[in-house]
Structure formats: structure tokens, C-alpha cells
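Shown next, in C-alpha cells, is the structure this report addresses.
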Amino acid sequence: MFSYLRERFTSHLRERSRRRARLVSKDGRCNIEFGNVEQSRFVFLIDIWTTILDLRWRYKMTIFISAFLGSWFLFGLLWYVVAYIHKDLPEFNPSINHTPCVENINGLTSAFLFSLETQVTIGYGFRCVTEQCATAIFLLIFQSILGVIINSFMCGAILAKISRSKNRAKTITFSKNAVISKRGGKLCLLIRVANLRKSLLIGSHIYGKLLKTTITPEGETIILDQVNIEFVVDAGNENLFFISPLTIYHIIDKNSPFFHMAAETLLQQDFELVVFLDGTVEATSATCQVRTSYIPEEVLWGYRFAPIVSKTKEGKYRVDFQNFSKTVAVETPHCAFCLYNEKEAKAKEKKGYDNPGFVLSEVSETSDTKM
């Protein structure tokens, strides 16, 4: 009993670790880590725009708040220094005829408030620059220009982050599992994909990559070797009319890497099937890419997808997403090689063959019989 439980626990851990060891997650994120990169991290500051866009929201908002608060406080210090040098502060006991550079700055707090009012162009009218000193005028112009630059960059980064086509890809979903069954008399690997929005993806294109470990004839081990997988639908694999869920399929023929796999050996294989969907967002004309992956445990042999589209009495087409990933068991050959040989055997049965060595000899028949 103890050995049985230990074996089940070991197999569970092995299966769990195998499920985690995938390059692309189900939601399209890439599981890859870069190590020993010789270039400095400061190279990312050269393309600061892309770096800001790729940051997560918590880091982006931290930079957004820090940029504004830091600039307000920095210029607040500069306004305080101007007032201190010009002896406008109350501790200098300025005379009645004294004209300050900035009126109503009494300390660091009021200098910070004036910096805030200047950069965000609030202008309450209580504190204002006078024509007494050119330093204050220059500082006012410099802060106004820098404030516009900060506003443009940070607000543009927030807007670009919100409108990125990556968010549009979240409304494209793939079936949880891939299935292998007969379609059109051929053994195919089928995957279902759906667009959750009514707006189309223009010029959609679907393709796949099979990732596996390959050992070359020279003895070199190639990890994550990529093999092209062609996916098609009945209307072609380009310029799809992607308004309703589509079932894409890959024909398992002699050129397919799945040709030598069988139902009994599928789970013993070590591969990852990554499926890509490229398209252009109709609303923004921005390109987007949706990714997902399937490992051997997520490929069901001998199943097909349940129907999902129906037509109501009112003439409307209804898509039932409850059956989106639902599968139904069907009769399927346990390997593509067997189906191929079966078709060849049936084709040969229908053909006749001539034997050049066959000679027909006539035999004379006699009607005499001996008693």
C-alpha cells in the first residue's frame, strides 16, 4: 500500500513539473529567463519609451506619481532659493517698499504650492511672479516648458499602455485542449478559437510551431527545436472571416511531425505545440498576436469538438460558449500510419492486375460418356 501511494505521488509530481515546463503559457506569456547578459541594464534607458510601455502597471504608476511629485518639490526648492537670495522671506524683515521676486512666498511650503500652481497651470492669483528679477522669470519659463514635456510623456505612456493591442488579444480565446480525429477522411489535429468581440480582426493568419528536443546526426542536442505546423480552415488560413468560433486543423500526413505518433505513445512524447494568431484590430488598425500552447497531456486522441453554433427561430445565429471546449469521443484510427495503409489497401482492392504470363488454353469438350 505504501509503495503504491509513493508511486502515485511521484508520478503526480513528475506530471506537475512537466506541466510547468512549458515555454508559452495558456494565456500567451513566454516562460524564458535571460542569464549572464553582458550588456548593461542601462541600455534599456536608450529606448526609454518601450521600457516604460513594457513595465507593469504598479511600476508605471509609481514612476508617474514620482515624476510629478519630484518635479514639483524640486522646483519648489528652487523657488525657495530664489526667494532666499532675494531676501523675500519674512525672517529677513523686508521693508514696505521691497518688491519680492514672487509675492506671498513665506517659506518652503508656500514655495512648493507656487511650484505646483505653476506647473499644472492652476494660477490661483494669490502668488505670482513680479518683474523685479530676471531669475524668477527664467525659472518660470523653464518650469512651464519642462512641465509640458513631463505631461506629454507620462500621459502619452498611460494612453499607449491602455490602447495597446495586447489587451485586444485577451478577447481571443483558444480551446483548453486540442483533439485528434478524422476530418474529411483524413486524420487531423483540431483546435477551436473564438473572438469574444463583435469587431473583427482584419487579415487574420493562423500558424503553429512544434517545440521539441532534437538530436542531430552529428550528436548535437538542440533544445526548443522549432518545426513549422500548418493550420488551415475550410476557407483557407489567411484573411479569415473571424466573426464566429472557428475550428482550425492540421492534416497529419507523411510530412507532419505527428505522423509517427499513436494514441498509445502520445503521452510519452516530449513536445509543446505553440499556436499563433496574427491580425489587425479593426478599431485601431494596430497589429496584435495571440498565443497559446498545448503539451501532450492536453491533446486528446479520438475526440472531436461539440457543436457550438446554432440558428434560432428568429433567424439569429447563437454561439453557445458552454460547449466551446467540450469534446465528444468518436471512432478514430489509433495512428496516422494505420489510416494511410488502410486507404492504400482499399484502393488496391478496387484495381485489377494483368498477368502477362497467363495463357488461356482451349479445352475441347466431348459429349461421349463411357458406361
Six or more apart or on different chains, Cβ atoms under 9 Å: show the pairs whose first residue is in the range 186-205 and modelled with pLDDT under 90 and whose second is basic (Lys, Arg). 196/170; 197/168; 199/168; 201/168
First in the range 130-148 and closer than 16 Å to residue 120 by Cβ, second anywhere and polar (S, T, N, Q) and outside any helix (DSSP H, G or I), Cβ under 9 Å, 6 or more apart: 144/121; 147/121
Residue count for the range 134-144, restricted to those that are under 12 Å from residue 78 (Cα atoms) and open to solvent by less than 60 Å² (accessible area, probe 1.4 Å): 4
Residues of the range 313-328 classified as assigned to a loop (DSSP other than H, G, I, E, B), open to solvent by 90 Å² or more (accessible area, probe 1.4 Å) and not acidic (Asp, Glu), total: 3
Index of the failed condition, residue 158 passing every other in (1) surrounded by fewer than 13 Cβ atoms within 10 Å (Cβ to Cβ); (2) of a type in the set (A, V, I, L, M); (3) within 43 Å of the chain's Cα centre (by Cα): (1)
Residues of the range 204-238 that turn out to be open to solvent by less than 10 Å² (accessible area, probe 1.4 Å) and either hydroxyl-bearing (Ser, Thr, Tyr) or in contact with a helix residue (DSSP H, G or I) (Cβ under 6 Å, 6 or more places away or on another chain) (or both), as a count: 1
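Hey, among 201, 187, which residue is open to solvent by less than 40 Å² (accessible area, probe 1.4 Å) and in contact with a Pro (Cβ under 7 Å, 6 or more places away or on another chain)?
Details: 201 fails: in contact with a Pro (Cβ under 7 Å, 6 or more places away or on another chain).
Exactly one of 201, 187 is open to solvent by less than 40 Å² (accessible area, probe 1.4 Å) and in contact with a Pro (Cβ under 7 Å, 6 or more places away or on another chain), namely 187.
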Kindly evaluate residue 242 against the criterion of being open to solvent by 10 Å² or more (accessible area, probe 1.4 Å), assigned by the TED database to the domain that holds residue 193 and assigned to a loop (DSSP other than H, G, I, E, B). no
Look through 242, 276 and report the one residue that is under 18 Å from residue 173 (Cα atoms), modelled with pLDDT of 90 or more and either touching a helix residue (DSSP H, G or I) at 6+ places or on another chain (Cβ under 7 Å) or of a type outside the set (Gly, Ala, Ser) (or both). 276
When residue 88 is run through (1) under 30 Å from residue 160 (Cα atoms); (2) modelled with pLDDT under 95, the failure sits at (1)
Looking at this structure, is residue 100 touching an Asp or Glu at 6+ places or on another chain (Cβ under 6 Å) and not in a helix (DSSP H, G or I)? yes
Checking the structure you have, find out if any residue of the range 281-301 is at pLDDT 90 or above, over 14 Å from the mean Cα position of the chain (by Cα) and either outside the structural domain of residue 184 (by the TED database) or over 26 Å from residue 169 (Cα atoms) (or both). yes
Considering the range 51-97 alone, what residues qualify as being in a loop (DSSP other than H, G, I, E, B), open to solvent by 70 Å² or more (accessible area, probe 1.4 Å) and not polar (S, T, N, Q)? 56, 87, 96
Within the range 109-133, restricting to residues that are at negative phi and surrounded by fewer than 16 Cβ atoms within 10 Å (Cβ to Cβ), the one that is nearest to the chain's Cα centre (by Cα) is 120
What are the residue pairs meeting all of these: first residue in the range 153-172, first residue in contact (Cβ under 8 Å) with a residue 60 or more places away in the chain, second residue open to solvent by 30 Å² or more (accessible area, probe 1.4 Å) and part of a strand (DSSP E or B), Cβ atoms under 9 Å, and 6 or more apart or on different chains? 165/280; 165/287; 165/289; 166/289; 169/289; 169/291
Kindly evaluate residue 310 against the criterion of being out of contact with any Phe, Trp or Tyr (no Cβ under 6 Å at 6 or more places or on another chain), at pLDDT 75 or above, more than 22 Å from residue 211 (Cβ to Cβ) and open to solvent by 40 Å² or more (accessible area, probe 1.4 Å). yes
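For the range 329-350, indicate whether the set of residues that are under 23 Å from residue 198 (Cβ atoms), under 31 Å from the mean Cα position of the chain (by Cα) and either at pLDDT 85 or above or assigned to a loop (DSSP other than H, G, I, E, B) (or both) is non-empty. Full working, then the answer.
Taking the range 329-350 first, the residues under 23 Å from residue 198 (Cβ atoms) are none.
No; the residues of the range 329-350 include none that is under 23 Å from residue 198 (Cβ atoms), under 31 Å from the mean Cα position of the chain (by Cα) and either at pLDDT 85 or above or assigned to a loop (DSSP other than H, G, I, E, B) (or both).
The values are calculated or read from the model by the stated rules, or taken from the named source; none is laboratory data. None of the values given here were measured: they were computed from a predicted structure. As a convention, Cβ positions derive from the backbone with ideal geometry for all residues, glycine included, and neighbour counts pool all protein chains shown. Side chains included, ligands, DNA and RNA excluded: accessible areas come from the protein's heavy atoms. Shrake-Rupley method; radii C 1.70, N 1.55, O 1.52, S 1.80 Å.
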